[in-house]
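Just below is one structure, and these are the notes that go with it.
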There are 2 protein chains.
Amino acid sequence: MANIKEVADLAGCSIATVSRHVNGAAPISVEVRARIEAAILQTGYRPSEIGRSLKRQATRTLGIVVPSLTNPVFALSVSGFQAVARRHGYNVLIATSDYDPAIEAEAVETFLGQSVDGLALTVCDSLSSPALATIDAGGKPNVLLFNQADMPGRQAVTVDNIEAARAMTDAILAEGHRRIVFLAGRFAASDRSRLRYRGFAAALAQAGLKPPLPLELDFLDATPDAALQPLLGGENRPTALFCSNDVLALGVIGALKRLGARVPDDMSVVGFDGIDLGQMVEPTLCTVSQPARAMGELACERLLATIRSTPEAATDAARFLAFDIRRGGSLGPAPRVVAAIGAGQDLQRDNTTPHNKRETA
Amino acid sequence: MANIKEVADLAGCSIATVSRHVNGAAPISVEVRARIEAAILQTGYRPSEIGRSLKRQATRTLGIVVPSLTNPVFALSVSGFQAVARRHGYNVLIATSDYDPAIEAEAVETFLGQSVDGLALTVCDSLSSPALATIDAGGKPNVLLFNQADMPGRQAVTVDNIEAARAMTDAILAEGHRRIVFLAGRFAASDRSRLRYRGFAAALAQAGLKPPLPLELDFLDATPDAALQPLLGGENRPTALFCSNDVLALGVIGALKRLGARVPDDMSVVGFDGIDLGQMVEPTLCTVSQPARAMGELACERLLATIRSTPEAATDAARFLAFDIRRGGSLGPAPRVVAAIGAGQDLQRDNTTPHNKRETA
DNA sequence: GCACAGGATGTAAACGTTTACAAGGTCAAG
DNA sequence: CTTGACCTTGTAAACGTTTACATCCTGTGC
């Protein structure tokens, strides 16, 4: 509201002097300083960052685009990103794409219009993202988050999705499972899902098994019961489900319970991400844990380093972070006798372990 | 990068004409239009929002401050807020206060410096918030989210926390519980917690019971086991716990299980917020559900209405939204025989309901 | 007594827009 | 032919800063 000119007039000096005082850019005589301070107090003057940005050609603002905030793994990374930005005096503009490449591109467009100093992105598909192309064209500092680098030189903060999924699949195989199905939420709209499936398929192939096609579930549908039903019948039903992320896995576990299946006795379920919630449910969720908050923090640090063109940043731009196969009650040994799940299940149980034994033991 | 002048020079016209074309503000002859479009394509020109903002004295940017993004109830509201903002062509700056009034105030300060057009806030304490005072001083459009209005005329999107907690407490009492403890996360840093406690205490008093003091847990501590232990011994232990929010409630349920208590047979637990996760765990969480996403959306709509000074907005500025007492398996009847919980519990059980009966029935 | 250093302040341009106002042109009505 | 209406375009000011450059003082060293 009050601008620098008002303050200057009130203090009886020029706007340059006020600016210098506000920025501590030059020594100001005590008398003038006192008058300026009084004027600032009286007018409630606050320097306009937009005036500054215009002059400085830098906004001290970063943009971050994620598919959604309702998946804790993204919320957590945004949280870390924002915390680091704040610590360095940067603001954060946020946008969610809802897994839609068009919205994603539009968000990037908007952010570029806002002259953000840099961008962090979790895109639907790093290989075909129009958003990424736009950014590259403009030469804005940027970093991928959760996506893997689509080209050499691209900064990316992520785990190796293929290797992680392979390791998790090996863990499932080690429990004796032989029929495992990969469930994906938004398979088409997530390159992470596809990479994880590749790791899954590779592990199965290495074990001499033919990997079944992934089954796509719309995980915005809170009750995937109907979609799951076909997996529960027959002698050849799967005994384990690899869900492409934890939110999906928790939804699937809930659906399985409603359908009368015990997890993990009748069906093992594993996820990917390592959200906290997975530790709170029973059985606890077996999953691939990635350090989401730290990833958001690191993405921000890399981005700031790039903006300040600290060369150190570029060094291991795309090196993978460590993941962790987190054991949990939702993965158990394959049942020795496989029975169809559903009505009449009680008669067919071959395992009478109490539900909570695993956790309270 | 490229600015309007470059485009104008390349197109052989004045910057005013380019501006008019970009904004569709006036008819442009076909030839000139073609030249301008070519120039824009060639230069990759994108109008600078910061130049616009300076001229227009409006940024089309909103700020939102919440305590954290890791609590789904806030993440969800931010998500709704951002979606509505986007739909109206507004950007969103985000900040998290981590329940610290100082950070909260600093964030508001920063946002004002950025000349946001309006602010949505979930403050620690609406009655003593320095941030709120700052905003009022500047006269910026603003709306509280989850906080109740601290003064007449303040816009606030929230449920009636006192009434909601009272209703939930009545539901607990109706199950026969007589010793109920209120557990709060960050009691000191959340006016919502305090209001909910007041409703809780009022309901108990009305039932002729003396409300015990609230027990404060640091819910950032993932394992509140030690803090909970004292509540589990003796004949006079509580049989129900009212947690001030769902995240805390889920943490408490997890801890209780580890400590050997069955929920709800040995101990009932209820929460507040109605996060989706509560429906995925077993037993499902009994809670007060508030429509977090819709609240974020409404907050944004109210804010935009205020910015455009549509009078309609001010009408029911602070009217409460409806809440919903969501039944769930975590609230059961009070045990007829109360036994201490811990080692040897198996011998003292007076209720042999299978763990999952409630859900699969 | 003079030159010069250095401190404090002012002047004005620049950053990228939008827009009031002015001006030029074309055309139709009188 | 003149007038005015209307369409298209240009000129220049304004938005709020920062900062190079200029200016004016004061004081010090010779």
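The values are calculated or read from the model by the stated rules, or taken from the named source; none is laboratory data. Being a predicted model, the structure only gives us computed values, none of them experimental. In this analysis, Cβ positions are derived from the backbone assuming ideal geometry, glycine residues included, and neighbour counts consider all displayed protein chains. SASA here: full protein model, heavy atoms, side chains in, ligands and nucleic acids out. Shrake-Rupley method; radii C 1.70, N 1.55, O 1.52, S 1.80 Å.
Give the residues of segment B:216-242 that are out of contact with any Phe, Trp or Tyr (no Cβ under 7 Å at 6 or more places or on another chain), of a type in the set (A, V, I, L, M, F, W, C) and under 20 Å from B:Val270 (Cβ atoms), sorted by residue number. First the steps, then the outcome.
Keep residues of segment B:216-242 that are out of contact with any Phe, Trp or Tyr (no Cβ under 7 Å at 6 or more places or on another chain), which gives B:217-241.
Adding the requirement that they be of a type in the set (A, V, I, L, M, F, W, C) leaves B:217, B:219-220, B:222, B:226-228, B:231-232, B:240-241.
Within segment B:216-242, B:Leu217, B:Phe219, B:Ala227, B:Leu228, B:Leu231, B:Leu232, B:Ala240, B:Leu241 qualify.
If I filter segment A:1-33 down to residues being within 14 Å of chain B (Cβ to nearest Cβ) and in a helix (DSSP H, G or I), which single residue comes out as nearest to DNA strand D (Cβ to nearest atom)? Working first, answer last.
Kept after step one, since they are within 14 Å of chain B (Cβ to nearest Cβ), are these residues of segment A:1-33: A:1-4, A:22-23.
Now drop any that are not in a helix (DSSP H, G or I), which leaves A:4, A:22-23.
Numbers: A:Ile4: 3, A:Val22: 6, A:Asn23: 5 Å.
Step by step, filter segment A:1-33, then rank; the result is A:Ile4.
May I ask you to list the residues in segment B:83-102 that are open to solvent by less than 10 Å² (accessible area, probe 1.4 Å) and part of a helix (DSSP H, G or I)?
If the condition is that a residue be open to solvent by less than 10 Å² (accessible area, probe 1.4 Å) and part of a helix (DSSP H, G or I), then B:Val84, B:Ala85 are the ones that fit.
Please specify each residue of segment B:9-23 satisfying the condition of being surrounded by fewer than 19 Cβ atoms within 10 Å (Cβ to Cβ) and over 44 Å from the mean Cα position of the chain (by Cα).
Residues satisfying the conditions are B:Asp9, B:Leu10, B:Gly12, B:Ser14, B:Ile15, B:Ala16.
Only one of these conditions is not met by B:Asp265: (1) away from every other protein chain (no Cβ under 13 Å); (2) within 12 Å of B:Ile341 (Cα to Cα). Which number is it?
Exception for B:Asp265: condition (1).
Give just the number: which of (1) within 10 Å of chain B (Cβ to nearest Cβ); (2) in a loop (DSSP other than H, G, I, E, B); (3) open to solvent by less than 30 Å² (accessible area, probe 1.4 Å) does A:Arg46 not satisfy?
(3)
Mind checking whether some residue in segment A:98-105 is at the interface with chain B (Cβ under 10 Å from one of its Cβ atoms), within 16 Å of DNA strand D (Cβ to nearest atom) and not acidic (Asp, Glu)? Break it down into steps so the answer makes sense when it comes.
Within segment A:98-105, the subset at the interface with chain B (Cβ under 10 Å from one of its Cβ atoms) is A:98, A:103.
Then drop every residue that is not within 16 Å of DNA strand D (Cβ to nearest atom), which leaves none.
No, every residue in segment A:98-105 fails to be at the interface with chain B (Cβ under 10 Å from one of its Cβ atoms), within 16 Å of DNA strand D (Cβ to nearest atom) and not acidic (Asp, Glu).
So in segment A:114-139, with the set limited to residues that are in contact (Cβ under 8 Å) with a residue 12 or more places away in the chain and among the small types (Gly, Ala, Ser), which one is surrounded by the fewest Cβ atoms within 10 Å (Cβ to Cβ)? Write out each step before concluding.
Going through segment A:114-139, the residues in contact (Cβ under 8 Å) with a residue 12 or more places away in the chain turn out to be A:114-132, A:134-135, A:138.
When the remaining residues are screened for being among the small types (Gly, Ala, Ser), the result is A:115, A:118, A:120, A:126, A:128-129, A:131, A:138.
Numbers: A:Ser115: 19, A:Gly118: 25, A:Ala120: 27, A:Ser126: 22, A:Ser128: 12, A:Ser129: 21, A:Ala131: 26, A:Gly138: 15.
Taking the candidates together, the pick is A:Ser128.
Which residues, taken from segment B:103-131, are modelled with pLDDT under 95 and not in a loop (DSSP other than H, G, I, E, B)?
Matches in segment B:103-131: B:Pro130, B:Ala131.
The conditions are (1) within 10 Å of DNA strand C (Cβ to nearest atom); (2) assigned to a loop (DSSP other than H, G, I, E, B); (3) hydrophobic (A, V, I, L, M, F, W, C), and A:Ile36 fails exactly one of them. Which is it?
Every listed condition holds for A:Ile36 apart from (2).
So which of B:Ala107, B:Ala34 ends up being more than 25 Å from A:Ala292 (Cβ to Cβ) and either of a type in the set (Gly, Ala, Ser) or touching a Lys or Arg at 6+ places or on another chain (Cβ under 8 Å) (or both)? Steps first, answer last, please.
Working: B:Ala107 fails: more than 25 Å from A:Ala292 (Cβ to Cβ).
Among B:Ala107, B:Ala34, only B:Ala34 is more than 25 Å from A:Ala292 (Cβ to Cβ) and either of a type in the set (Gly, Ala, Ser) or touching a Lys or Arg at 6+ places or on another chain (Cβ under 8 Å) (or both).
Filter segment B:281-302 down to residues that are open to solvent by 10 Å² or more (accessible area, probe 1.4 Å) and in a helix (DSSP H, G or I), then give me how many there are.
Residues that pass the stated criteria total 6.
Table: residues versus (1) among the hydrophobic types (A, V, I, L, M, F, W, C); (2) more than 10 Å from DNA strand C (Cβ to nearest atom); (3) over 30 Å from B:Ala299 (Cα atoms).
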{"residue": "B:Gly12", "(1), (2), (3)": "no, yes, yes"}
{"residue": "B:Ser19", "(1), (2), (3)": "no, no, yes"}
{"residue": "B:Gln42", "(1), (2), (3)": "no, yes, yes"}
{"residue": "B:Arg46", "(1), (2), (3)": "no, no, yes"}
{"residue": "B:Arg56", "(1), (2), (3)": "no, no, no"}
{"residue": "B:Val66", "(1), (2), (3)": "yes, yes, no"}
{"residue": "B:Ser77", "(1), (2), (3)": "no, yes, no"}
{"residue": "B:Phe81", "(1), (2), (3)": "yes, yes, no"}
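Table: residues versus (1) open to solvent by less than 40 Å² (accessible area, probe 1.4 Å); (2) basic (Lys, Arg).
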site: A:Ala188; (1), (2): no, no
site: A:Phe200; (1), (2): yes, no
site: A:Lys210; (1), (2): no, yes
site: A:Pro224; (1), (2): yes, no
site: A:Ala227; (1), (2): no, no
site: A:Glu235; (1), (2): no, no
site: A:Thr239; (1), (2): yes, no
site: A:Ala249; (1), (2): yes, no
site: A:Lys257; (1), (2): yes, yes
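Tell me, yes or no, whether segment B:335-342 has at least one residue that is at pLDDT below 95, within 14 Å of chain A (Cβ to nearest Cβ) and open to solvent by less than 40 Å² (accessible area, probe 1.4 Å).
Start the filter on segment B:335-342 by keeping residues that are at pLDDT below 95, which leaves B:335-342.
Filter once more, keeping what is within 14 Å of chain A (Cβ to nearest Cβ): B:341-342.
Next, only the ones that are open to solvent by less than 40 Å² (accessible area, probe 1.4 Å) stay: B:341-342.
Yes, some residue in segment B:335-342 is at pLDDT below 95, within 14 Å of chain A (Cβ to nearest Cβ) and open to solvent by less than 40 Å² (accessible area, probe 1.4 Å).
For segment A:51-79, how many residues meet the condition of being assigned to a helix (DSSP H, G or I) and either more than 10 Å from chain B (Cβ to nearest Cβ) or surrounded by fewer than 21 Cβ atoms within 10 Å (Cβ to Cβ) (or both)? Don't jump to the end; show me each part of the working.
Step one: of segment A:51-79, the residues assigned to a helix (DSSP H, G or I) are A:51-56, A:72-79.
When the remaining residues are screened for being either more than 10 Å from chain B (Cβ to nearest Cβ) or surrounded by fewer than 21 Cβ atoms within 10 Å (Cβ to Cβ) (or both), the result is A:51-52, A:54-56, A:73.
Matching residues across segment A:51-79 total 6.
Between a first residue in segment A:80-105 that is without any contact (Cβ under 8 Å) to a residue 60 or more places away in the chain and a second residue that is of a type in the set (Ser, Thr, Tyr) and assigned to a helix (DSSP H, G or I), which pairs have beta carbons less than 9 Å apart while being 6 or more apart in sequence or on different chains?
A:Arg86/B:Thr110; A:Gly89/B:Thr110; A:Asn91/B:Thr110; A:Leu93/A:Thr110; A:Ala95/A:Thr110; A:Thr96/B:Ser79; A:Ala105/A:Thr134
Which of the residues spanning segment A:44-81 are within 16 Å of DNA strand D (Cβ to nearest atom) and within 30 Å of A:Asp125 (Cβ to Cβ)?
Step one: filter segment A:44-81 for residues within 16 Å of DNA strand D (Cβ to nearest atom), giving A:44-61.
Listed by number, the residues that qualify are A:Thr59, A:Thr61.
Identify the single condition in (1) more than 17 Å from the chain's Cα centre (by Cα); (2) of a type in the set (A, V, I, L, M, F, W, C); (3) modelled with pLDDT under 95 that A:Ala149 does not satisfy, given that it satisfies every other one.
Unmet condition: (1).
Return yes when B:Leu41 is crowded, with 16+ Cβ neighbours inside 10 Å and either aliphatic (A, V, I, L, M) or away from DNA strand D (no atom under 12 Å from the Cβ) (or both) and no when it is not. Write out each step before concluding.
Numbers: crowded, with 16+ Cβ neighbours inside 10 Å: no; either aliphatic (A, V, I, L, M) or away from DNA strand D (no atom under 12 Å from the Cβ) (or both): yes.
No, not satisfied.
Show the residue pairs meeting these rules: Cβ distance below 6 Å; 6+ apart or different chains; first residue within segment B:319-340 and among the hydroxyl-bearing types (Ser, Thr, Tyr); second residue outside any loop (DSSP other than H, G, I, E, B).
Close Cβ pairs (under 6 Å, with a partner that is outside any loop (DSSP other than H, G, I, E, B)) amount to B:Ser330/B:Val269; B:Ser330/B:Cys286.
Condition test on B:Ala205, is it open to solvent by 40 Å² or more (accessible area, probe 1.4 Å) and either within 10 Å of another protein chain (Cβ to nearest Cβ) or modelled with pLDDT of 95 or more (or both)? Walk me through it before giving the result.
On the way: open to solvent by 40 Å² or more (accessible area, probe 1.4 Å): yes; either within 10 Å of another protein chain (Cβ to nearest Cβ) or modelled with pLDDT of 95 or more (or both): yes.
Yes, satisfied.
Within segment A:54-71, is there a residue that is among the hydrophobic types (A, V, I, L, M, F, W, C), touching a strand residue (DSSP E or B) at 6+ places or on another chain (Cβ under 7 Å), over 16 Å from B:Ala83 (Cα atoms) and touching a residue at least 24 places away in the same chain (Cβ under 8 Å)? I'd like the intermediate steps shown before the answer.
Taking segment A:54-71 and keeping what is among the hydrophobic types (A, V, I, L, M, F, W, C), we get A:54, A:58, A:62, A:64-66, A:69.
With the extra rule that they be touching a strand residue (DSSP E or B) at 6+ places or on another chain (Cβ under 7 Å), the set shrinks to A:62, A:64-66, A:69.
Filter again for over 16 Å from B:Ala83 (Cα atoms), leaving A:62.
With touching a residue at least 24 places away in the same chain (Cβ under 8 Å) added as a condition, the list becomes A:62.
Looking through segment A:54-71, at least one residue is among the hydrophobic types (A, V, I, L, M, F, W, C), touching a strand residue (DSSP E or B) at 6+ places or on another chain (Cβ under 7 Å), over 16 Å from B:Ala83 (Cα atoms) and touching a residue at least 24 places away in the same chain (Cβ under 8 Å).
Given the residues B:Ala164, B:Ala226, B:Ala184, which is the only one that is under 25 Å from B:Pro67 (Cα atoms) and modelled with pLDDT under 95?
Values: B:Ala164 fails: modelled with pLDDT under 95; B:Ala226 fails: under 25 Å from B:Pro67 (Cα atoms).
Unique residue meeting the criteria: B:Ala184.
Looking only at segment A:303-315, decide whether some residue is open to solvent by less than 10 Å² (accessible area, probe 1.4 Å) and within 14 Å of chain B (Cβ to nearest Cβ).
no
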